[in-house]
Amino acid sequence: SASLPAIRAYLAGREAFRGGRMEDAVQRFREATLLDSTFALAGLELSRAAGWTKSDGDVGRGARIARSGRDRLSAPDRALLDAMTRQWVSAPTMFERWNAVVTAYPARPENWYALGDAHFHWGPLAGEEGSFERAEAAFRRGWALDSAASGASAISGRLVAEPMVHLVELAHVRGDTVEVLRLANRVL
């Protein structure tokens with residue numbers, strides 16, 4: 001965007017998103033796209049953040065803005081747009097797209113969380129072997145990168161609640177009660 005107010009709103013949205021304040025992130029990304037209706041990157045992030053808040057109108061609006069400005073997005077951002085908005089032909093295609101995103105953006109924890117979420121929710125339904133192990137590895141990789149979780153010592157720092165809940169569930173599924181209690185204590 002060439003609009004400084006739109007860029008400021010976008011950056012405030014990124015900060016809110018990284019801080020786990022999804023409602024605020026949606027509001028800031030929405031503001032950025034209202035200030036510049038061609039701001040494709042802000043549309044992409046609006047769609048992503050709104051997905052966490054179940055704000056379907058903003059998910060769709062952000063996706064439309066991002067798709068219309070697709071040619072102005074970087075290759076990694078186009079990979080993210082494809083993973084978020086294109087119809088999946090198959091589960092392997094979905095996993096392939098999310099893996100392309102983490103390959104393109106290996107240092108962005110939220111992409112690892114999304115990959116973990118895909119394996120956690122869709123892997124078992126697709127008959128993916130080792131889906132829970134892949135989900136856990138992706139969640140833990142996200143936390144190792146997450147600056148809000150104290151970097152490499154993520155498990156001892158502040159954690160994002162949604163993926164943490166899944167890690168507790170995964171520890172429960174494998175019968176690791178010590179890990180369930182340790183992780184649940186971090187959330188509570």
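The values are calculated or read from the model by the stated rules, or taken from the named source; none is laboratory data. The shown structure was predicted, so the numbers you read here are calculated from the model rather than taken from an experiment. Cβ placement follows ideal geometry from the backbone for every residue including glycine, while neighbour counts extend to all protein chains displayed. The accessibility values were calculated without ligands, DNA or RNA, using every heavy atom of the protein model including side chains. Shrake-Rupley method; radii C 1.70, N 1.55, O 1.52, S 1.80 Å.
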Can you give me the number of residues within segment 85-122 that are surrounded by fewer than 21 Cβ atoms within 10 Å (Cβ to Cβ) and more than 21 Å from GLY19 (Cα to Cα)? 18
I want to confirm something. Restricting to segment 1-24 and keeping residues that are within 12 Å of ALA42 (Cβ to Cβ) and not in a helix (DSSP H, G or I), which single residue is most open to solvent (accessible area, probe 1.4 Å)? SER1
Which listed residue, of ALA118, ALA107, is modelled with pLDDT under 95, over 18 Å from GLU169 (Cβ atoms) and under 15 Å from the mean Cα position of the chain (by Cα): ALA107
Of the residues in segment 64-80 that are modelled with pLDDT under 95 and crowded, with 21+ Cβ neighbours inside 10 Å, the one that is farthest from the chain's Cα centre (by Cα) is ALA79
